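These notes are about the structure you will find just below.
We did not get these values from a lab; they are worked out from the coordinates using the rules stated. Computed from a prediction, not measured in an experiment: that's the story for all the values here. For neighbour counting, all protein chains shown are included, and Cβ atoms are generated from backbone atoms with ideal geometry for every residue, glycine included.
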Amino acid sequence: MARELQQLGFKVFVIAGGLRAWRKAGNPVERVPDDDLVKLPTFS
Amino acid sequence: MTDLLSLISHHGYLFLAAVCFAEAIGLPLPAALALLTAGAVAAYGDLHFYLVFGVGLLSMMSGDLLLYFMGRVSGWALLGILCRLSANPETCILRSAEYFYRRGKQTLLFAKFIPGINTMSPPLAGSMKMRLSQFLQFDTLGAAFYVGAYALAGYLFSDALRAITRGLRSAGFAAEVIFGIGLSAYIAYRIWVYRKYRLLDVIPRVPAAELARRLTSDAAHNMLIADVRSHGYYDADSERIAGSIRIEPNNLIEEIKNLPKDREIYLYCT
């Protein structure tokens, strides 16, 4: 995906280690807003 | 199969239990073949048929229960991991959940006979908060049907299995050669793909600490952090990097329209 964006002319970087590394380094995270959550069906 | 006959004759129930449990938790071991063979060994009188059935059933149920509770505890994370093996992880989670919601109970009855579905069903039932009593009811029936069908077939057709075993001895070498060629080709392909993308890998990688530093600099207004996880947005307590936006990987064409070309975009997943 990063490569696709780069080919389309976007200035793209990849965060090494992703969210895990970000969190491990003690940087701030936030809860995903309800509007962004995908609602999957449950039996309860 | 000759080896399997020998193993089951010598190690009997323990071997059968291990193979059935392993298959139930998704390891690529042939429980059906082990049950078939155990059924045949029971017909020869070396094992008891009812014990073969009981051991197979309990082992399968143990593996299923383990995955059920893992799904229950981990929410959608376990399914996300299993779906990474599929061609399209996002679609895999959505379709699996919707299908299982509509036909979950019936699915549990025949899931054991379908590779892939057999491993997906218990964690799906757990993730989707199916009641334990209901899960046990349908999963027990499904497992009993599966174990019973193969063990009984082995028991009833034990003579035919002996003949097949003799035939397999000569076919075995050819199968091993074909398997070896296939495995070598697959490894060569993976190495080719790895080298190709490594050579083309020109996307700059930024360590988390460096990004945090940049975010406190004057350049911060020119930066955009984007979450491109294909899954991770299903649990209510999901987290993401503070201030980041979501780019839906499966809807990239639409998402691109809203992305600024004059800003640096920092992508992350996991």
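Considering amide H positions built from the backbone, and no H for Pro or chain starts, which residues 5 or more places from B:Ile245, or on another chain, come under 5 Å of its amide H?
Those lying under 5 Å, H to H, from B:Ile245 are B:Ile225, B:Ala226, B:Asp227.
What distance in nm separates the simple spin-label points at B:His221 and B:Ile81, each placed 7 Å from Cα in the Cβ direction?
4.5
Sort B:Val55, A:Val38, B:Val228 so that the residue with the fewest other Cβ atoms within 10 Å of its own Cβ comes first and the one with the most comes last.
Least crowded to most crowded, the residues run A:Val38, B:Val228, B:Val55.
Counting other C-beta atoms within 10 Å, which of B:Met120, B:Met130, A:Met1 has the fewest, and how do the rest follow?
Listed from fewest to most nearby Cβ atoms, that is A:Met1, B:Met120, B:Met130.
Using only atoms on other chains, find how many Cβ atoms lie within 10 Å of each Cβ of peptide B:258-266 and report the average.
4
Can you give the mean number of other chain Cβ atoms that lie within 10 Å of the Cβ atoms in peptide A:26-35?
Partner-chain Cβ atoms within 10 Å, mean over residues of A:26-35: 5.
Give the order of B:His11, B:His221 when sorted by the count of other beta carbons within 10 angstrom, beginning with the fewest.
B:His221, B:His11
To make sure I understand the rule: partners must be lysines, Cα under 23 Å from the Cα of B:Lys105, and not fewer than 8 residues away in the same chain. Which ones qualify?
B:Lys105 reaches A:Lys39, B:Lys129.
Just tell me which lysines come within less than 23 Å, Cα to Cα, of B:Lys261; anything on the same chain fewer than 8 places away is out.
Those lysines meeting the cut-off are A:Lys11.
Rounded to the nearest 500 deg cm²/dmol, what is the calculated helix-only ellipticity per residue at 222 nm for chain A, with -39500 (n - 2.57) per DSSP H run of length n ≥ 4?
After summing the helix terms and dividing by residue count, I get -7000 deg cm²/dmol.
May I ask you to evaluate 6.51 cos²θ - 1.76 cosθ + 1.60, the Karplus curve with θ = phi - 60°, for each residue of segment B:127-132 and list the ³J(HN,Hα) values in order in whole Hz, giving x for glycine and proline?
With the stated coefficients, segment B:127-132 comes to 4, 8, 6, 5, 4, 4 Hz.
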